[in-house]
Amino acid sequence: MSDWRKQLQPASFKGVPFEVLSDSSTFGRRIQVHEFVQRDKPFCEDLGRVTRRFSVNAFFGGNDCLDQRDAFLAAIDEDPAGELILPTWGAMQATAMPGSVDNSREDGGIVWISLEFVESGDKGYPVATPATDAQLSDAAGGVLDEGSNWFEDAMAGVNAARVNIAAATGSVQAAFGLVTGTIGTITRTVASAADLVNIVLNAPANFVLALRAGVGSVRNSLQGIEPQGALDSLRSAVRGTSSMGYVNPAGGADTQKLVMAVNELVGHAQLTVALEAAAQLPPDAPVPLMPATPSVWQQASQPVQRAEVLYQADVLAARAALEAALWEALQGGGGRPPMAMLNALQDARTKARRHLAEVASSAVPLVTVTPSAVQPALVLAYRQWGDATRAAEIVQRNRVSHPGFVSPQPLQVARK
C-alpha cells in the first residue's frame, strides 16, 4: 500500500510556490430534475460534470514572505490562467478567482491568503502542441541547465584552501563512477576521483563543460535506439541516481559544500540521461508483432523476424521509478534547491508522467494465464496466439528454466 505522504507535491501557480494548509473542491455532475404532474418519480437529466472549483487556504512564510506574495500577485495580475499544482491533486490548468491577502504584525513573517481556482477549459479550436517526447527532451535540458547553475553558485561559496582533499576524494567515489560510466566516458578529463576533485577545485567551469559534453554524447547515442534499448537505458540511469549518497565527510564545512555540489550536479546529469532515454520511447502505437500469423509450415521450418515491442507493465514500472527519482531530487538531499531548480524538476516530472502515460497506452498489455499441466512453451504459444514461434516470449518473460517443461503456474503473456 502506497504512503499518501509520498504522493504530496509542492504547491505552485504558474511556477510561483506557496504553502497549503487545506483545500476543498466541488465534485459531481449537473443534474436537472424534471417533475411531472401525476407522476410520483421525477426524471433526472444529466447535463455533464460540474465545474471543478478549488478553495485554498495558503500562506507565504520566511524573511522574504512579502517578496513571495508580490511575485504571486504579479503572476495572477498578468494572466489569471495557468498551471496550478496542489499537494493532493497534482497539476492542472486553472484560472485564479479574486481572493484575499491578510498581513498581520502579530504573525510576523507569514502572509495568509485565501483564494479560489476554477479549472480551465479549452479556448476555441485546439492548438497544435509539440509531441510529448519533444517536450520531455526540452525539460531534460532544463534540468541540466539549472543543475549547472546551481553547481557554479555553490562552488562560488567554497574556500578551496580549506578543502580536505583526501576526505573529498573518498566522498565523490560514487559521483566519479557515474561520470565515467552511465553519463559518458570523459576519462581524458577525469581519470580518477582525485582528478575530479582537482578539476572541481581549480576549474569548476571546465568540469561542467566536460560533464555536459558527456551527457550530450549519451543523448546522441540514444537517437534512433530501439524501444527496448531506450527502456533499459532509462532503468539503468534511474538506478544510478539512487547510488548518489550525500556524505558528511570529515574535513570541515568547505569540504562538505564541495562534495554536495558535485553530487548534486552529477545527480542532475544522471536524471537528464534518464529523461532523455524516456523521451526516446515512442508515444504512438507499436508495430504489430507480425503482419499475419505464419503458417504451420513456416513456423516449423523458417525463423520468424518480429518487430520489437514494449510491454505496458514495464513502461508503468519505469515511470514509477523515474517519478520517485525526480521526487527525491525535489526534496533536495543536499539542501533546499533554488526555485529555478525546483521548477525545472517539477516541469520534467509533469512532462515525463504525461509522455510515459501515452507510451503505456499504446504498449502491449499483459494478461495472466495458468497452464492446465506441464507442457512445452511452443504448445502454450500456439494455444495462446496460434503461433508456436512466439514460445521465446513466454520463456523470457517468465524466466522459465526449460522451454520444454513449463510448470502449471501463473504466467504473464501478451494479450495479443
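Computed quantities for the displayed model
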{"item": "Ranked 281, 231, criterion: other C-beta atoms within 10 Å, fewest first", "result": "231, 281"}
{"item": "Neighbour-count ranking [beta-carbon atoms within 10 angstrom, fewest first] of 255, 88", "result": "88, 255"}
{"item": "Loop trypsin sites (Lys or Arg not before Pro), segment 20-96 (other Cβ atoms within 10 Å of the site Cβ: 11 or fewer; DSSP)", "result": "39"}
{"item": "Proximal aspartates and glutamates relative to residue 14, as straight alpha-carbon distance under 17 Å, when same-chain residues fewer than 8 apart are discounted", "result": "67, 70, 77, 78, 79, 83, 116, 119, 347"}
{"item": "Coil-residue chymotrypsin sites (Phe, Trp or Tyr not before Pro) of segment 37-143, DSSP, other Cβ within 10 Å capped at 14", "result": "none"}
{"item": "Length added when fully stretched, residue 6-residue 203, from 0.36 nm per residue minus Cα-Cα", "result": "67.1 nm"}
{"item": "Segment residue 24-residue 47, extension gain: residue separation times 0.36 nm, minus the distance between their alpha carbons", "result": "6.0 nm"}
{"item": "Residues with amide H under 5 Å from that of residue 15, placed H, sequence gap 5 or more", "result": "none"}
{"item": "Fewest-first ranking of 330, 136, using other Cβ atoms within 10 Å as the exposure measure", "result": "330, 136"}
{"item": "Label-to-label distance, nm, for residues given as residue 336 and residue 223 (7 Å Cα→Cβ offset)", "result": "4.1"}
{"item": "Square roots of 5 times each gyration tensor eigenvalue, C-alpha, segment 340-416, largest first, Å", "result": "38, 13, 9"}
{"item": "Net charge over other residues, Cβ less than 12 angstrom from the Cβ of residue 272 (K, R count +1; D, E count -1)", "result": "-2"}
{"item": "Segment 93-107 residues near the modelled residue 55 label - backbone nitrogen below 16 Å, point 7 Å along Cα→Cβ", "result": "97-101"}
{"item": "Around residue 11: net Lys/Arg minus Asp/Glu count, Cβ-Cβ under 13 Å", "result": "-2"}
{"item": "Around residue 86: net Lys/Arg minus Asp/Glu count, Cβ-Cβ under 13 Å", "result": "-3"}
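Any read-out appearing in this document is the output of simple, stated calculations on the displayed coordinates, not a laboratory observation. Here the structure is a predicted model, which means the values were calculated and not measured. Don't worry about glycine lacking a Cβ; one is built from the backbone with ideal geometry, like all the others, and counts go over all protein chains shown.
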